[in-house]
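*Asks:* Input: one structure, supplied below.
The values are calculated or read from the model by the stated rules, or taken from the named source; none is laboratory data. Not measured: the values here are computed from a predicted model. Here the Cβ positions follow ideal geometry from the backbone for every residue, glycine too, while neighbour counts run over all protein chains shown.
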Amino acid sequence: MLAPDPRFAVVDEMSGLEFEESLVELFALLGFEDVERTGGFDKGADILCSRNGHRYAVQAKRKASAVGIDAVRQLIDGMKRYGCSRGLVVTNSYFTEQAIECAEAWNVGLWDRRVLAQWLDGEAPGVDTTACAECGRRVTEGVRKWCLENPHRYGGNVYCVPHQKRRNRRARRHLDRGSAT
(Lines give C-alpha, C1' and ligand atoms only; values in the text may rest on other atoms or scores of the structure.)
Protein backbone atom coordinates (compact mmCIF):
# COMPACT_ATOMS: atom_id res chain seq x y z
CA MET A 1 0.00 0.00 0.00
CA LEU A 2 1.32 3.42 -0.89
CA ALA A 3 1.05 6.20 1.63
CA PRO A 4 -1.03 9.07 0.25
CA ASP A 5 1.26 11.75 -1.19
CA PRO A 6 -0.23 14.68 -3.12
CA ARG A 7 2.95 15.02 -5.21
CA PHE A 8 2.40 11.52 -6.59
CA ALA A 9 -1.36 11.89 -7.15
CA VAL A 10 -0.95 12.18 -10.92
CA VAL A 11 1.75 9.50 -11.15
CA ASP A 12 -0.22 7.00 -9.07
CA GLU A 13 -3.22 7.39 -11.39
CA MET A 14 -1.25 6.97 -14.63
CA SER A 15 -1.54 3.92 -16.83
CA GLY A 16 1.61 1.89 -17.38
CA LEU A 17 2.04 3.49 -20.81
CA GLU A 18 1.67 7.01 -19.41
CA PHE A 19 4.24 6.20 -16.73
CA GLU A 20 6.68 4.98 -19.39
CA GLU A 21 6.15 8.15 -21.44
CA SER A 22 6.78 10.35 -18.39
CA LEU A 23 10.00 8.43 -17.71
CA VAL A 24 11.14 9.00 -21.31
CA GLU A 25 10.76 12.74 -20.64
CA LEU A 26 12.55 12.48 -17.29
CA PHE A 27 15.52 10.57 -18.74
CA ALA A 28 15.87 13.15 -21.52
CA LEU A 29 15.82 15.96 -18.91
CA LEU A 30 18.49 14.12 -16.90
CA GLY A 31 20.84 14.12 -19.89
CA PHE A 32 20.35 10.59 -21.21
CA GLU A 33 20.66 10.32 -24.99
CA ASP A 34 18.77 8.33 -27.62
CA VAL A 35 15.87 7.83 -25.19
CA GLU A 36 13.15 5.67 -26.76
CA ARG A 37 10.29 3.42 -25.73
CA THR A 38 10.50 -0.12 -27.05
CA GLY A 39 6.71 -0.25 -27.52
CA GLY A 40 4.42 -3.27 -27.64
CA PHE A 41 5.85 -6.49 -26.26
CA ASP A 42 8.98 -5.03 -24.71
CA LYS A 43 11.05 -8.21 -24.16
CA GLY A 44 12.15 -7.07 -20.70
CA ALA A 45 12.89 -3.40 -21.34
CA ASP A 46 10.34 -0.60 -21.72
CA ILE A 47 12.88 2.15 -22.43
CA LEU A 48 16.33 2.16 -24.01
CA CYS A 49 18.77 5.05 -23.61
CA SER A 50 22.47 5.91 -23.44
CA ARG A 51 24.68 7.88 -21.12
CA ASN A 52 28.46 8.20 -20.71
CA GLY A 53 29.13 5.44 -23.24
CA HIS A 54 26.75 2.94 -21.62
CA ARG A 55 23.53 1.62 -23.11
CA TYR A 56 20.72 1.28 -20.55
CA ALA A 57 17.66 -0.94 -20.48
CA VAL A 58 14.89 0.42 -18.25
CA GLN A 59 11.94 -1.56 -16.88
CA ALA A 60 9.07 0.73 -15.75
CA LYS A 61 6.60 -0.55 -13.13
CA ARG A 62 3.71 1.72 -12.13
CA LYS A 63 2.15 -0.19 -9.25
CA ALA A 64 0.20 0.26 -6.03
CA SER A 65 2.16 -2.49 -4.25
CA ALA A 66 5.82 -3.43 -3.91
CA VAL A 67 7.65 -4.51 -7.06
CA GLY A 68 9.01 -8.05 -6.84
CA ILE A 69 11.92 -10.04 -8.15
CA ASP A 70 10.17 -10.81 -11.46
CA ALA A 71 10.66 -7.21 -12.63
CA VAL A 72 14.42 -7.46 -12.03
CA ARG A 73 14.58 -10.81 -13.82
CA GLN A 74 12.65 -9.37 -16.77
CA LEU A 75 15.11 -6.50 -16.94
CA ILE A 76 18.13 -8.81 -16.87
CA ASP A 77 16.60 -10.62 -19.86
CA GLY A 78 15.97 -7.26 -21.56
CA MET A 79 19.56 -6.13 -21.00
CA LYS A 80 20.82 -9.23 -22.80
CA ARG A 81 18.27 -9.02 -25.63
CA TYR A 82 18.99 -5.35 -26.34
CA GLY A 83 22.77 -5.51 -25.76
CA CYS A 84 22.77 -3.14 -22.78
CA SER A 85 25.60 -2.87 -20.28
CA ARG A 86 23.43 -1.24 -17.60
CA GLY A 87 19.93 -1.81 -16.27
CA LEU A 88 17.45 0.13 -14.19
CA VAL A 89 14.02 -0.74 -12.75
CA VAL A 90 11.90 2.34 -11.99
CA THR A 91 8.69 2.30 -9.97
CA ASN A 92 6.32 4.74 -8.30
CA SER A 93 6.18 2.21 -5.44
CA TYR A 94 8.89 0.32 -3.51
CA PHE A 95 10.80 -2.94 -3.99
CA THR A 96 10.54 -6.22 -2.10
CA GLU A 97 13.59 -7.51 -0.30
CA GLN A 98 13.96 -10.29 -2.92
CA ALA A 99 13.99 -7.69 -5.72
CA ILE A 100 16.65 -5.65 -3.91
CA GLU A 101 18.85 -8.72 -3.31
CA CYS A 102 18.55 -9.82 -6.95
CA ALA A 103 19.33 -6.31 -8.22
CA GLU A 104 22.41 -6.12 -6.03
CA ALA A 105 23.63 -9.51 -7.27
CA TRP A 106 23.23 -8.45 -10.92
CA ASN A 107 24.35 -4.82 -10.42
CA VAL A 108 20.96 -3.47 -11.53
CA GLY A 109 19.87 0.00 -10.43
CA LEU A 110 16.58 0.48 -8.59
CA TRP A 111 14.67 3.76 -8.51
CA ASP A 112 11.71 3.68 -6.15
CA ARG A 113 9.27 6.29 -4.89
CA ARG A 114 11.99 7.91 -2.76
CA VAL A 115 14.31 8.37 -5.74
CA LEU A 116 11.54 9.74 -7.96
CA ALA A 117 10.67 12.21 -5.19
CA GLN A 118 14.04 13.89 -5.80
CA TRP A 119 12.54 15.41 -8.94
CA LEU A 120 9.37 16.52 -7.20
CA ASP A 121 8.98 19.38 -4.75
CA GLY A 122 8.76 18.70 -1.04
CA GLU A 123 9.83 16.07 1.46
CA ALA A 124 10.62 12.46 0.66
CA PRO A 125 7.49 10.28 0.47
CA GLY A 126 6.39 8.34 3.49
CA VAL A 127 6.09 4.60 3.81
CA ASP A 128 2.67 3.25 4.80
CA THR A 129 3.57 1.66 8.12
CA THR A 130 0.09 0.22 8.61
CA ALA A 131 0.58 -2.38 5.86
CA CYS A 132 3.14 -5.06 4.98
CA ALA A 133 5.77 -3.78 2.52
CA GLU A 134 5.75 -7.17 0.78
CA CYS A 135 2.06 -8.02 0.35
CA GLY A 136 0.16 -4.86 1.35
CA ARG A 137 -1.87 -6.66 4.04
CA ARG A 138 -2.78 -4.52 7.09
CA VAL A 139 -0.72 -5.23 10.22
CA THR A 140 -1.52 -4.83 13.90
CA GLU A 141 -0.10 -1.98 15.95
CA GLY A 142 2.17 -4.47 17.78
CA VAL A 143 3.63 -5.79 14.51
CA ARG A 144 4.11 -2.24 13.23
CA LYS A 145 5.88 -1.20 16.42
CA TRP A 146 8.13 -4.31 16.41
CA CYS A 147 9.29 -3.72 12.84
CA LEU A 148 9.97 -0.02 13.35
CA GLU A 149 11.88 -0.68 16.57
CA ASN A 150 14.11 -3.19 14.72
CA PRO A 151 15.41 -1.27 11.69
CA HIS A 152 18.49 -3.51 11.53
CA ARG A 153 16.14 -6.38 10.63
CA TYR A 154 13.50 -4.65 8.54
CA GLY A 155 15.20 -1.57 7.11
CA GLY A 156 12.54 0.84 8.35
CA ASN A 157 9.77 -1.09 6.61
CA VAL A 158 6.88 -3.00 8.16
CA TYR A 159 6.21 -6.67 7.36
CA CYS A 160 3.36 -8.98 8.35
CA VAL A 161 4.35 -11.97 10.52
CA PRO A 162 4.65 -14.48 7.61
CA HIS A 163 6.92 -12.08 5.69
CA GLN A 164 8.96 -11.37 8.83
CA LYS A 165 9.60 -15.10 9.13
CA ARG A 166 10.56 -15.36 5.45
CA ARG A 167 12.97 -12.41 5.76
CA ASN A 168 14.52 -13.93 8.89
CA ARG A 169 15.04 -17.30 7.14
CA ARG A 170 16.70 -15.57 4.17
CA ALA A 171 18.93 -13.57 6.52
CA ARG A 172 20.00 -16.76 8.35
CA ARG A 173 20.76 -18.53 5.02
CA HIS A 174 22.78 -15.51 3.91
CA LEU A 175 24.77 -15.52 7.17
CA ASP A 176 25.31 -19.28 6.96
CA ARG A 177 26.72 -18.93 3.44
CA GLY A 178 28.95 -16.06 4.54
CA SER A 179 30.39 -17.96 7.49
CA ALA A 180 31.17 -21.00 5.29
CA THR A 181 33.72 -19.04 3.27
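*Asks:* Kindly check whether there is at least one residue in region 61-69 that is under 17 Å from Cys102 (Cα atoms), touching a Cys at 6+ places or on another chain (Cβ under 7 Å) and free of Cβ contacts under 8 Å to residues at least 40 places away in the same chain.
*Replies:* Yes: one or more hits.
*Asks:* Does any residue of region 81-98 turn out to be of a type in the set (Gly, Ala, Ser), surrounded by 15 or more Cβ atoms within 10 Å (Cβ to Cβ), at pLDDT 85 or above and not assigned by TED's automatic domain parsing to the domain that holds Cys49?
*Replies:* no
*Asks:* Exactly one condition in (1) crowded, with 21+ Cβ neighbours inside 10 Å; (2) among the hydrophobic types (A, V, I, L, M, F, W, C); (3) not in a strand (DSSP E or B) is false for Val58; which is it?
*Replies:* Of the numbered conditions (1) crowded, with 21+ Cβ neighbours inside 10 Å; (2) among the hydrophobic types (A, V, I, L, M, F, W, C); (3) not in a strand (DSSP E or B), the odd one out for Val58 is (3).
*Asks:* On to the next question. Select from region 140-160 the residues that are of a type in the set (Val, Ile, Thr) and farther than 21 Å from Arg114 by Cβ and write down the one among them that is surrounded by the fewest Cβ atoms within 10 Å (Cβ to Cβ).
*Replies:* So the residue we want is Thr140.
*Asks:* Follow-up question, since we're still on this one. Quick one: which of Val115, Val143, Val89 is in contact with a helix residue (DSSP H, G or I) (Cβ under 7 Å, 6 or more places away or on another chain), assigned to a helix (DSSP H, G or I) and either without any contact (Cβ under 8 Å) to a residue 40 or more places away in the chain or not basic (Lys, Arg) (or both)?
*Replies:* Going through Val115, Val143, Val89 in turn, the sole match is Val143.
*Asks:* Determine, yes or no, whether Ala105 is modelled with pLDDT of 85 or more, surrounded by fewer than 13 Cβ atoms within 10 Å (Cβ to Cβ) and assigned to a helix (DSSP H, G or I).
*Replies:* yes
*Asks:* Return yes or no: is Lys63 assigned to a loop (DSSP other than H, G, I, E, B), under 21 Å from Tyr154 (Cβ atoms) and either touching a Ser or Thr at 6+ places or on another chain (Cβ under 7 Å) or at pLDDT below 95 (or both)?
*Replies:* In short, yes.
*Asks:* Working only within region 1-49, note down all residues that are among the hydroxyl-bearing types (Ser, Thr, Tyr) and under 20 Å from Leu110 (Cβ atoms).
*Replies:* Ser22, Thr38
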